[in-house]
Amino acid sequence: MTKDVSGKAVPISVDPKKFEGSIHGSLSCTDCHADIKGVPHEPAPKAVKCVNCHPEAQAAWQASKHGVAVKSGMAFAAHCIDCHGGDAHAILPSIDKNSSTHHTNIPATCGKCHGQKFVMEKAGLSNQMFVSYQQSVHGRAVARGSQKAAVCTDCHDYHAVLPANNPQSSIFKFNVPHTCGQCHANVTSQFTASVHGAAIARGNWTAPVCTDCHGIHAIKVRRDPTSATATGNMAEQTCAKCHAGVRLTQEFGIPGGRITTYNSSYHGLANKLGSSVVANCASCHGVHYILPSSDRRSSVNKANLQKTCGHCHKGATAKFAMGRIHLVENEVIDRQSFAVTIVRRFYLAMIFATIGGMLLHNILIWFRKAQRKRRAAGRTVMRMNVNQRVQHLLLLSSFIVLVLTGFALAYPESPFAWLFGSSETPRRLIHRIAALVMMGVGLYHIGYMVGTREGRQGLKDFWFNFKDARDVVDVMKYYLGLSKKHPRMGRFTYGEKAEYWAVVWGTVVMGITGLMIWYNVISTNWMPRWWIDVATTIHFYEAVLATLAIIVWHLYNVIFDPDAYPLNWAWFDGKMDEEQFEHEHGLEYDKMRRERLEGHIISSDRE
């Protein structure tokens, strides 16, 4: 028996040929096992201390994340033998292709631990870094046998693997350019001379280094559409991480709004549409050698703009290059921005006056024509009484307000939000008031439908029956030209019944989920907090469903249906044209005629 470098007792099983071919093959057994006095080895030899021959490597390892982990008692942390082959008597030199520390084998060696999900989770880490590396440009190149592509040890060191927050670490932010420069010397020299490199040299933590733009482990080739440096991703993702916010402006006085102004330009719009040749940030400002516009060497210096623009726009003259690309709306600082601002304001005023005038003109004419048509029609059938119309009006108005405020809350950057200002508070307050109105109307409606005679009759008339299914088929046959007879339906058609019960269902669901979201802390006294997430999801999609149903189904029936156009006025005065009523509600019309006739006969008998 003997002990390995971790102190564990293991049986001695030495293959002489492997040992002779190992990097230690020129040594004798006692060079490492100095305590051996005879054969067999009793007692077991002490653990071999690599530090006796490799003091520098041992010191670096002890200070590394691996060494610190071992010292803290983490049994599965990497020891020397874990990386150098597993068999202490068959360690091969790194230049040997079969060595676990050969360049092309390093990823697999590190992956024995860092590729294992559960091993990494025990250390409080993730195996995703190893997975990302395998898919990266470096990992793929190594897998193809490249001897130059970066492996784990090129960036993290061999023995001195230190955490990224250690200033001595090769992956400490301010050391990253030097680390990448070991392979990419020309690029690093350009970066060091750039505005970003100068900021890093001054100790500016907000300035980007290689990994901020290219990624850390998941570095991909530029032609890969998922790469951070792909043409379509530069403005929206890579450069936007710093230049889309206001921090650079507030902290360092760097002009802001660059991403917004790019996106609104021709270049930005073409980029969003998927153009693979349109200019992005790097096309004009450079890739690594980015300089401020005040520097005469900068590609965006006034003296160089003609050449820069000419890369894409062949034959571009000095006049073509005149003017700024990043033109901030309503910012008046030169003739270009002054002219654009004046033209914009002129057209906004003209659009408001012209389109607003057209809108008022057409609304007035539409309203008068609709009134004339309503008065001319034989509107004699009472469809909705005052009580029902008030309920409908409150439901209608609260629903519209709920839709507008709800989507304003869900999409704070959308036009819905502009209707209620920049603050969430008024949107939330108005939304809740409208919700209370809708729930109040709902509770009143329940009492009305159950507690009044006409309500109970309405509830009975709204109930589905087998004839509704036949009516659906007969209506389709009629409008497809397969039948000449329109089905005669009762007081409420199958469509009106379906819509009524959909409103009932939607009001109940939206009310319950809305109250759960509103009183989320109280709700979680009876249920897990994740139920609130479920309620929020139901609330949102039920709102989308209800809104689309109203637009597609209800608005068609009361406005866009040629028989109702320009508007079904029953919501206003409760009346309906008798001819249309007979067409849509033939059975109810027959019932109404019989009641009229019976009433006329009784009246005649009394006379």
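Bear in mind these aren't lab numbers, they're just calculated from the coordinates by the rules spelled out. Being a predicted model, the structure only gives us computed values, none of them experimental. Counting neighbours? That spans all protein chains shown, and the Cβs are built from the backbone with ideal geometry, glycine included.
Helix 530-549 axis versus longest C-alpha principal axis of the chain: approximately 40°, rounded to the nearest ten.
If you put +1 on each Lys and Arg Cβ and -1 on each Asp and Glu Cβ, how big is the dipole of the chain around its Cα centre, in Debye rounded to 20?
Working: 65 positive and 46 negative charges, 282 e Å.
Dipole about the Cα centre, nearest 20: 1360 debye.
Put simply, the C-alpha atoms of segment 284-349 give a gyration tensor, and the ellipsoid matching it has half-axes of 27, 14, 10 Å, longest first.
Between Met350 and Glu579, what is the FRET efficiency for a Förster distance of 60 Å, r being their Cβ-Cβ separation, to the nearest 0.05?
Details: r = 46 Å, r/R0 = 0.77.
About 0.85, to the nearest 0.05.
The local environment of Leu395, defined by Cβ-Cβ distances under 14 Å, has a net charge of 0 under the rule Lys, Arg +1 and Asp, Glu -1. Of the trypsin sites (Lys or Arg not before Pro) in segment 484-586, the ones in a loop by DSSP (not H, G, I, E or B) with at most 11 other beta carbons within 10 Å are Lys484, Lys485, Arg529. For the chain, adding -39500 (n - 2.57) for each run of n ≥ 4 DSSP H residues and dividing by the number of residues yields -16500 deg cm²/dmol at 222 nm.
Want the number for Asn186 to Ala57: 0.36 nm per residue separation, take away the alpha-carbon distance, what's left? Mind dumping the intermediate values first?
Working: separation 129, 0.36 × 129 = 46.44 nm, distance 3.05 nm.
Here the answer is 43.4 nm.
Between Ala47 and Ala141, the simple spin-label model (points 7 angstrom out along Cα→Cβ) gives 3.9 nm.
Here the translational diffusion coefficient of segment 1-121 follows from Stokes-Einstein with Rh set to the Kirkwood radius across Cα pairs; for 20 °C and 1.002 mPa s it amounts to 137 µm²/s. Ranking of Leu480, Leu327, Leu305, Leu419 by neighbouring Cβ atoms within 10 Å, starting from the fewest: Leu480, Leu419, Leu327, Leu305. What's the angle, to the nearest 10 degrees (0 to 90), between helix 335-376's Cα axis and the longest principal axis of the chain? Roughly 30 degrees between the two axes.
Extension gain, Gln371-Phe462: 0.36 nm per intervening residue step, less the Cα-Cα distance, totals 29.7 nm.
The string of couplings for segment 411-418 from the Karplus curve (6.51, -1.76, 1.60, θ = phi - 60°) is 10, x, 9, 8, x, 4, 5, 4 Hz, one whole number per residue in order, with x for Gly and Pro. Rounded to 0.05, the FRET efficiency of the Arg335 and Leu429 pair, given R0 = 45 Å and the Cβ-Cβ distance, is 0.45.
Roughly how many Å is it from the Cα centre of segment 323-354 to that of segment 192-218, as a whole number? Using only Cα atoms to place each centre, the spacing works out to 36 Å.
Spin-label model, Leu443/Lys302: points 7 Å from Cα along the beta carbon direction are separated by 7.1 nm. Using only Cα atoms and rounding to the nearest 10 degrees, what angle (0 to 90) does helix 386-410 make with the longest principal axis of the chain? Once rounded, one gets 20 degrees. Projecting the Cα atoms of Val509, Leu429, Ala408 onto the dipole axis of segment 378-598, where Lys and Arg carry +1 and Asp and Glu carry -1 at the beta carbon, places Val509 farthest toward the positive end. Rounded to the nearest 20 debye, the dipole magnitude of segment 378-598 is 420 debye, with +1 charges on Lys and Arg beta carbons, -1 on Asp and Glu beta carbons, and the Cα centre as origin.
If you average the sequence gap of Cα pairs under 8 Å that are 6 or more apart and divide by the length of segment 462-588, what percent do you get for the contact order?
Numbers: 84 pairs, mean separation 38.7, N = 127.
Over segment 462-588, the number comes to 30 percent.
Once each part is reduced to its C-alpha centroid, what is the distance from segment 420-497 to segment 578-599 in angstrom? After rounding, the separation between the Cα centres reads 21 Å. Taking other C-beta atoms within 10 Å as the exposure proxy, Trp366, Trp531 rank Trp366, Trp531 from fewest upward. The charge dipole of segment 510-607, taken about the Cα centre with unit charges on the Cβ atoms of Lys, Arg (+1) and Asp, Glu (-1), comes to about 680 debye, rounded to the nearest 20. Computed from the C-beta positions of Ile363 and Leu548 and an R0 of 25 Å, the FRET efficiency is 0.45 to the nearest 0.05. A Cα-only calculation for segment 378-598 places Rg and Dmax at 20.3, 63 Å.
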